[in-house]
């Protein structure tokens, strides 16, 4: 073998008897950890999430770069979020509310600002069936206040979602933001909000970013449990959605919240008179937007 491979016998025996170096042992342990978390969380975690999960669960600190290097070496990656190119088109002659939220996605306490939307899933042998999911998210902690699934994208779906949210938080009077879909502009829903003293806000036509956190939630959900999978029955799809939302609430760590889950952030906030405020760092596009649309912002 040594002759065929042109390797000196002494070198071969040296390699055969060598003990694993500390660096190699460190590398192999890290590979094992990354693979374990990658499989445990169904390939949902990116290198940042794996790094945070390892530090929180085991107490070992690695750099983002090191975890990214291992994933690249192993040829693995998290599920990629698809880009959404369409927005909801409002009904003709619909009476829309002004965009009071105005892309200010920060909230200082729970139940201060709620955002909502409806998204579509397909299932069946040839994806011939549809299931709709309506959800309300609290902007303070990105916590799903309520969600309802239905075979039809109609008023009862949206009304039931809102009623469920109010049952959970009967004393809440949040700013309620949505797109200009027909359910949210219907006279019955507008009256429902008005009777409760809740101020309504709506995204501008064709401006999906006006409801950015809700769109982001859909993107995470679908990339982690829907895209690339085939659900043949309604029951199978509903179970997958319920399991993912449960995972998102209780297990999905978020760096913005100091590596905590939405449940942990919400529980702490609801048990204190002075909740911690987790402000979103502004990026260049948001600053440019404010400078373009608000003179008062330019004067600050």
Quiz item: Which number in (1) surrounded by fewer than 22 Cβ atoms within 10 Å (Cβ to Cβ); (2) outside any helix (DSSP H, G or I); (3) touching a residue at least 40 places away in the same chain (Cβ under 8 Å) marks the one condition that residue 176 misses?
Solution: (1)
Practice problem: Would you mind stating whether residue 263 is part of a helix (DSSP H, G or I) and within 14 Å of the chain's Cα centre (by Cα)? | Solution: yes
Practice problem: Restricting attention to helices (runs of 4 or more DSSP H) lying wholly within segment 1-71, give those where 1 or more residues are under 20 Å from the mean Cα position of the chain (by Cα) and over 20 Å from residue 259 (Cα atoms). | Solution: 22-40
Exercise. Please determine, by comparing only the residues of segment 73-102 that are out of contact with any helix residue (DSSP H, G or I) (no Cβ under 9 Å at 6 or more places or on another chain) and modelled with pLDDT of 55 or more, which one is surrounded by the fewest Cβ atoms within 10 Å (Cβ to Cβ).
Key: 75
Practice problem: Please state which one of 202, 188 is more than 22 Å from residue 269 (Cβ to Cβ), assigned by TED's automatic domain parsing to the domain that holds residue 252 and surrounded by fewer than 17 Cβ atoms within 10 Å (Cβ to Cβ). | Solution: 188
Quiz item: Pairs under 6 Å by beta carbon, first residue at pLDDT 90 or above in segment 269-284, partner part of a helix (DSSP H, G or I), six or more apart or different chains?
Solution: 275/269; 278/256; 278/257
Exercise. Go over the candidates 172, 180 one by one and state the one that is over 25 Å from residue 237 (Cβ atoms) and at pLDDT below 95.
Key: 180
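The values are calculated or read from the model by the stated rules, or taken from the named source; none is laboratory data. As the structure is a prediction and not an experimental result, all values here were calculated from the model. Heads up, the Cβs are rebuilt from the backbone with ideal geometry, glycines too, and the neighbour counts pull from every protein chain shown.
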